[in-house]
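Here is the structure we will look at.
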Amino acid sequence: MYRYDLTDRTLVNERVAQFRDQTRRFLAGTLSEDEFRHLRLRNGLYIQRHAPMLRVSIPYGLLSATQLRTLAGIARRYDRGYGHFTTRQNIQYNWPKLEEVPDILAELAEVEMHAIQTSGNCIRNITSDHLAGITPHELEDPRPWCEIIRQWATFHPEFSYLPRKFKIAVTGAPQDRAASLVHDVGVHIVRGENGDLGFEILAGGGLGRTPIIGQVVRKFLPRRHLLSYLEAILRVYNAEGRRDNLTKARIKILVRSLGLEEFTRRVEAEWELLRDGALGVDDAEVARMRGFFHPPAYRALTDTNPDAGKSTAFRAWYRYNTAAHKVAGYRAVYVSLKKPGVAPGDATDAQMELLADLADQFSFGEIRVTHTQNLLLADVAQERTHELWQMLEKAGLATPNIGTLTDIICCPGLDFCSLANAGSIDVAKLINERFDDYDYIYDLGELDVKMSGCMNACGHHHVGHIGILGVDKSGEEWYQITIGGAAGADASLGMVIGPSIPKSEVPETIARLLDVYVEERQPEERFLDTVRRLGVKPFKERVYAAPVAA
Amino acid sequence: MPRRLLRDRQIVADEWLYSAEAAGNSLAPLIVTVDEWLNDRETWLARGSRLGLQIAPAHKLESLVQDLGFFTLIAAEFPGPADGRGYTQGRLLRERFDFKGELRATGYVRRDQLFFLARCGFNSFELPEADIEDAMSALSTFSAAYQPSNDKGLKFKLRRGIPAGA
């Protein structure tokens with residue numbers, strides 16, 4: 001993984017000192033609440049319902065075991081013993097004390113971490129495919145490019161006060177596991193007509209109040225121009241993006257109002273003037289960055305049949321919670337943070353410490369955060385998966401549900417977030433209580449359920465096969481259900497099935513949607529495909545045909 | 001009492017007047033708004049003093065390029081802590097339009113913005129009196145940077161980190 005050099009270390013330490021001084025001035029009363037808000041928001045610090053919330057950056061979701069131990073220690077000493085992993089591969093703490101945040105940042109800096117630009121109207125954490133570097137069919141590992149972008153974006157003097165937040169995702173494989181089509185900018189590594197690798201650049205995707213799928217701005221960008229092209233997009237956005245209305249300030253609204261063609265024309269015109277400037281990424285720099293992401297020292301193994309002679313429970317786990325690896329004899333292992341009864345994405349300090357140890361023992365000392373709010377041990381020898389499973393099982397981290405109904409993406413909701421209209425964690429709990437039969441869950445196959453407590457869509461509900469959105473109805477928590485959304489390479493936005501429903505009816509409503517699917521599906525058809533084939537109508541009719549029994 | 005400001009890392013008394021402040025003073029260097037300039041340029045030129053131009057975030061520099069040579073100062077307005085268009089204006093003035101005069105940040109300007117403003121080419125800052133004494137240190141908040149800099153004489157080498165302060 002990337003390791004800090006003197007420059008990186010210096011910058012992060014200086015940031016800690018800067019934020020310590022800003023916090024001191026706020027507590028001393030020389031910075032007003034409003035002035036401090038603008039400063040702390042550049043550092044992932046929100047004032048939430050119960051306490052400040054601190055979001056810590058995990059660049060493209062990659063952590064060392066040492067870093068994870070530090071995150072665990074922070075959870076124990078500054079929080080209430082847990083952290084929440086987010087859809088943008090970061091971690092959030094919900095109970096730190098404002099005056100202790102500078103100390104937390106100093107501890108993070110010790111292990112090459114920070115909270116820089118994890119909130120505020122600036123370029124946020126660069127996210128990527130959690131299977132980067134290990135997935136078969138990948139054109140190229142996107143992480144060196146993520147790091148190149150991360151550094152360019154960090155403390156960018158021109159783009160630190162944008163109209164609104166700005167999110168970039170980078171992928172290197174045909175499958176999109178980073179939801180790049182619903183990012184402000186999506187960067188896809190592609191092969192050009194001449195056979196060279198370069199980038200396809202998308203812009204204008206996003207969720208929130210106005211969900212839009214990103215559009216291609218440039219089909220092929222030679223690799224050396226990546227930063228100058230991003231700079232051109234950001235410059236057009238900074239100058240032209242709306243600042244009069246917060247809900248219309250994202251780049252997607254600019255792209256939509258100018259039209260893709262005119263937006264592209266402006267970006268290209270700006271880029272013409274920037275392309276041969278100082279931002280060129282030369283081959284030496286790319287090679288240097290690649291050096292940080294060399295494959296670990298894999299052993300020469302062959303693929304085995306790990307099912308042989310093993311329990312049904314292990315086999316279910318292996319099937320759902322592990323993924324193909326490009327190196328023979330290896331497997332990527334998901335650590336499910338979706339245990340029934342636990343808030344999706346939450347991990348305790350003890351779990352994090354255990355996982356750090358397991359990363360050391362089983363996966364070359366690294367662990368990854370997925371955008372679906374699980375963790376991943378990327379490089380596990382197949383012959384050791386049974387041993388690993390037993391240890392995960394003991395710690396409550398082997399719920400065999402990755403990619404299924406109960407692998408729910410979920411924002412913190414009303415319980416923690418001051419923006420939310422409705423709870424989401426307790427709805428996840430209701431769904432888990434209703435659907436606890438794994439035979440049924442497995443029979444349903446791949447199913448993305450995504451839930452947000454408000455329009456801001458932190459739980460990505462628009463792109464869930466089933467999306468659940470919390471709405472406030474005269475002070476009560478109600479939920480609007482969408483179906484047919486998807487976040488991958490075939491991204492689509494879900495369609496609303498009808499009027500919103502009270503919390504208690506969410507599980508029954510999902511059950512009815514699934515009944516229609518089970519009755520109507522064709523062989524090999526996923527829930528999403530059935531919805532795409534039949535449309536909303538049959539689902540809607542079933543849901544609203546009869547009142548839900550109290 | 002004349003306005004104090006931070007210019008080229010020194011606290012100085014401002015010799016410039018904005019047009020709204022200049023009644024009865026026909027000698028001081030004068031800062032005019034874009035509208036005033038476009039409506040009445042001959043009058044201002046006839047004044048014979050040095051001229052400065054005050055621009056708002058929405059002004060497109062491309063339309064003013066032909067006139068930049070008349071001005072030895074450009075004051076970019078920052079209406080509040082959230083509006084970052086002036087940062088782009090600063091870089092364009094220095095890097096694309098080769099403006100060599102005083103580039104001033106006016107309006108909502110606080111010590112916590114100075115580092116980025118300086119990196120975008122601003123060399124003078126109208127700060128509140130409460131901030132002005134402490135503001136100088138903000139120019140050295142960071143001793144390295146990941147992007148090309150406007151600080152003269154520094155060669156940017158991608159990513160390797162360069163001293164940002166001049």
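Worth a mention:
- CD proxy at 222 nm, helix term only [per DSSP H run n ≥ 4: -39500 (n - 2.57); per residue of chain B; nearest 500]: -6500 deg cm²/dmol
- Residue mean of other protein chain beta carbons inside 10 Å, B:136-146: 5
- Where only DSSP H runs of four or more residues are counted, chain A gives -11000 deg cm²/dmol as its mean residue ellipticity at 222 nm, each run worth -39500 (n - 2.57).
- Overall form of the stretch B:4-138 per C-alpha gyration tensor (a/c, 1.5; a/b vs b/c): oblate
- Cα-based reach from A:Lys165 at 20 Å (exclusive), listing lysines while leaving out same-chain residues under 8 positions away: A:Lys248, A:Lys252
- C-alpha long axis of helix B:34-47 to longest principal axis of chain B, angle in °: 60 degrees
- Projected label points at A:Leu197 and A:Asp443, each 7 Å from Cα along the beta carbon direction, are separated by 4.4 nanometres.
- Backbone N under 15 Å from the A:Leu258 label point (7 Å along Cα→Cβ), restricted to the stretch A:142-167: A:163-164
- Peptide A:25-33 is shielded by partner chain Cβ atoms: per residue, an average of 1 of them sit within 10 Å of its Cβ.
- For the stretch A:259-330: rounded, prolate or oblate by the Cα gyration tensor [a/c cutoff 1.5]: oblate
- Between A:Thr30 and A:His386, the distance separating the two model label sites (each 7 Å from Cα on the Cα→Cβ line) works out to 6.6 nm.
- For the protein assembly as shown, the cysteines with no partner cysteine C-beta closer than 4.7 Å are A:Cys122, A:Cys146, A:Cys410, A:Cys417, A:Cys454, B:Cys120.
- Near A:Met113, no amide H atom lies under 5 Å from its own; only residues 5 or more places off or on other chains count, and H is placed 1.01 Å from N.
- Multiplying the residue separation of A:Ser311 and A:Gln522 by 0.36 nm and subtracting their alpha-carbon distance yields 72.9 nm.
- Folded to 0 to 90 degrees: helix B:129-138 orientation relative to chain B principal axis, Cα: 40 degrees
- Here the stretch A:59-81 and the stretch A:481-512 have alpha carbon centers that stand 34 Å from each other.
- Sequence-separation-based contact order of the stretch A:134-291, relative, with Cα cut under 8 Å and 6+ spacing, percent: 21 percent
- Packing-based ranking, highest mean first, of A:173-184, A:117-128, B:132-143 given that Cβ atoms within 10 Å are counted: A:117-128, A:173-184, B:132-143
- Taken residue by residue and averaged, Cβ atoms of other chains lying within 10 Å of the Cβ of B:94-100 number 1.
- Proximity of backbone amide H atoms, modeled 1.01 Å from N, is registered between A:Met53 and A:Tyr46, A:Ile47, A:Gln48 at under 5 Å, excluding neighbours fewer than 5 places apart on the same chain.
- Shape category assigned to the stretch A:416-523 from the gyration tensor of Cα positions, a/c cut at 1.5: prolate
- When each of the peptides B:92-104, A:332-344 is scored by how many other beta carbons lie within 10 Å of its residues on average, the order from highest to lowest is A:332-344, B:92-104.
- A straight Cα-to-Cα reach below 21 Å connects A:Lys503 with the lysines A:Lys338, A:Lys339, A:Lys429, A:Lys450, A:Lys473, A:Lys540, residues fewer than 8 places away in its own chain not being considered.
None of the figures in this text is laboratory data; all of them are computed from the coordinates on show. What you are looking at is a predicted structure, and each value in this text was computed from that prediction instead of being measured. A quick note on method: Cβ atoms are made from the backbone with ideal geometry, for glycine too, and the neighbour counts reach across all protein chains shown.
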